[in-house]
Amino acid sequence: MKRYKRTDRISELIHREISNIIDHEMKDNRIGMVTVTGVEVSKDIRYARVYVTVLGNNEIIKSSLETLNNASSFIRMSLGTKIILKHLPELTFHYDSSMAQGMRIDKLIEQIKHKF
């Protein structure tokens, strides 16, 4: 049986709760279709990097990330009402380009299939 580190469990919990906060509590039009793809918590649980994907062009991505980073204190405060930790981590939001890269690779594979 695999044992999970405490930081892994906290990352999963923060991931789930931030997704709910963004979906249900934030009412900002500058945020596009945002999906939280992962959370990395530092070993001392002081900092958390939240990775998101955003549906849209570069302007929408930039606006959404800027809005999320500006609202990080609100999200952190809301997170504090849902999670009880000695220290709630500082949140920073980062764009996760892996889905866009995966879609690009799929498109290239389809183009190759049609040529042969």
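Structure values in brief
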{"read-out": "Qualifying residues in segment 60-88 (those that are of a type in the set (A, V, I, L, M, F, W, C) and part of a helix (DSSP H, G or I)) - the one surrounded by the most Cβ atoms within 10 Å (Cβ to Cβ)", "value": "68"}
{"read-out": "Considering residues of segment 1-45 that are closer than 19 Å to residue 99 by Cβ and part of a strand (DSSP E or B) only, the residue nearest to the chain's Cα centre (by Cα)", "value": "36"}
{"read-out": "Members of segment 91-102 found to be of a type in the set (A, V, I, L, M, F, W, C) and farther than 16 Å from residue 58 by Cα, listed by number", "value": "91"}
{"read-out": "Of all residues making up segment 9-44, the number that are surrounded by 13 or more Cβ atoms within 10 Å (Cβ to Cβ) and at pLDDT 90 or above", "value": "21"}
{"read-out": "Residues (farther than 15 Å from residue 41 by Cα and of a type in the set (Lys, Arg)) located in segment 62-113", "value": "62, 82, 104, 107, 113"}
{"read-out": "Matching residues in segment 46-59 - criterion: being part of a loop (DSSP other than H, G, I, E, B) and without any contact (Cβ under 8 Å) to a residue 24 or more places away in the chain", "value": "57"}
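The values are calculated or read from the model by the stated rules, or taken from the named source; none is laboratory data. Since the model is a prediction, treat every value here as computed from it, not as a measurement. Here Cβ is always computed from backbone atoms with ideal geometry, including for glycine, and neighbour counts include all displayed protein chains.
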